[in-house]
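Worksheet: one structure, shown below.
The values are calculated or read from the model by the stated rules, or taken from the named source; none is laboratory data. Note that the coordinates shown come from a computational prediction; the quantities given were computed from them, not determined experimentally. No Cβ is skipped: glycine too gets one built from the backbone with ideal geometry, and neighbour counts run over all protein chains shown. Note: areas computed on protein heavy atoms with side chains; ligands, DNA, RNA excluded. Shrake-Rupley method; radii C 1.70, N 1.55, O 1.52, S 1.80 Å.
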Amino acid sequence: GARQRTDLCNESLMLEKLPACGKSFEEMMKRVDSKKWCNLTEFIMYYDNFTQCTEREANNASCFWPNPLAEGFIMGIHKQFFSNCTSENVHWEDPPDEILITLILVPVMLTCAMITLVVWCSKRSDIL
């Protein structure tokens with residue numbers, strides 16, 4: 001049978017090891033121009049290494065990942081590097097009336113045409 005894991009999460013060990021992940025991430029982020037810190041494509045590999053490190057350290061301390069303590073640490077890193085990366089609110093607008101009317105009328109007209117075709121074909125079933 002499967003052996004049930006009975007290890008308890010060693011939170012103090014995990015909290016002791018996580019800063020090494022943050023330090024490594026900080027060193028890698030020094031290679032990226034700080035003006036590009038909001039562009040994920042510029043540092044995605046570094047961030048992937050960081051998350052793998054935090055997961056590994058949590059697992060080594062017999063803790064599940066993510067957990068509230070690890071998430072708190074990760075949020076601290078986010079605040080340190082990405083606090084200026086606020087998403088701009090997108091202002092959605094309706095398309096111009098001409099386009100909106102076209103987008104509404106085309107499906108309506110196609111639906112009417114299909115219904116007409118079905119009715120016409122069903123009345124002419126004696127020929128088909």
Segment 1-37 - residue that is more than 25 Å from the chain's Cα centre (by Cα) and modelled with pLDDT under 90 and, of those, most open to solvent (accessible area, probe 1.4 Å): ARG3
Breaking point among (1) among the aliphatic types (A, V, I, L, M); (2) open to solvent by 80 Å² or more (accessible area, probe 1.4 Å); (3) in the same structural domain as GLU16 (by the TED database), for ALA58: (2)
Odd one out for MET75 among (1) open to solvent by 80 Å² or more (accessible area, probe 1.4 Å); (2) hydrophobic (A, V, I, L, M, F, W, C); (3) over 30 Å from ASP7 (Cα atoms): (3)
Long-range neighbours under 9 Å by Cβ, at least six apart or interchain, first residue closer than 12 Å to ILE74 by Cα within segment 20-34, second among the basic types (Lys, Arg) and part of a helix (DSSP H, G or I): CYS21/ARG56
